[in-house]
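What follows is a single structure, written as structure tokens, with notes after it.
The values are calculated or read from the model by the stated rules, or taken from the named source; none is laboratory data. Not measured: the values here are computed from a predicted model. All Cβ positions, even for glycine, are placed from backbone atoms using ideal geometry, and neighbour counts span all protein chains on display.
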Amino acid sequence: MSVRRERAILAAVVFAVLLAQVLLYPGVDTLVRALGAETELDASMWFLAAEFAAFVVFAGIWGAVSDAVGRRVPFIVGGAVVGAVFYAALAWLPTVTKISFEEILVLRALQGGATIAAFSLSMTMLMDLAGGHGKNMGAAGIAIGLGTATGAPLGGQLYGVSPTLPLYLASGVLLAVAVLAVLVTDRAPTDDEGRLSAAVTKLRETPALGIPYAFGFIDRLTAGFFALVGTLYFLKRSS
């Protein structure tokens, strides 16, 4: 398979994971109500925070595990499939059982922990891909932007049909991610350069590398804040 085709597939995986995630944002207050929450703002905050917290915890874990095993694709596929199951479970379980909102948050965290495997490892494979680091990261940036920009308006339309429909579509999108990932040649470091200890050592030797890490944290924190507060603000303004 050509590098260009692999770049396109990996970018499509990144796009699809972001699309699935952002589908839920436009009507998150309606969604948490349908899932059994008694409040809107607090419940929405915890619903989004549960996923983000799982992202933070599991991103490094999946990276370290995939480095140790020497494989990436199985974890991308497995994370996408398990994430799809949990997305569907979030929508389906409240209709067939008396599940508390606290238990919903546990499922949400598990969904986030699985989904981040597909997202973070596909990004890692893009960085490891030949053909120019600028091209690879450019493809990742375009995919992230398109996924975010497309997910919000599409999710808004889906909420007009059913408050849980975005969850079911997100589940289907992640299943498509699993199929796409199978088409990519597996790549993982074959030496200690890809190990977590090597990354920590490099950071100690070059502290300036912490700047983009800090920027990424602030960027994601800001995006999460406006995803919740901005959405609810404009909903209230238009009602």
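Considering S66, S2, the condition of being over 19 Å from A170 (Cβ atoms), within 18 Å of the chain's Cα centre (by Cα) and among the polar types (S, T, N, Q) is satisfied by S66 alone.
Going by what's in this entry, would G113 be described as modelled with pLDDT under 95 and under 24 Å from I9 (Cα atoms)?
On the way: modelled with pLDDT under 95: no; under 24 Å from I9 (Cα atoms): yes.
It is false that G113 is modelled with pLDDT under 95 and under 24 Å from I9 (Cα atoms).
In summary, A37 fulfils each of the numbered conditions (1) touching a helix residue (DSSP H, G or I) at 6+ places or on another chain (Cβ under 7 Å); (2) of a type outside the set (S, T, N, Q); (3) assigned to a helix (DSSP H, G or I) with the single exception of condition (3).
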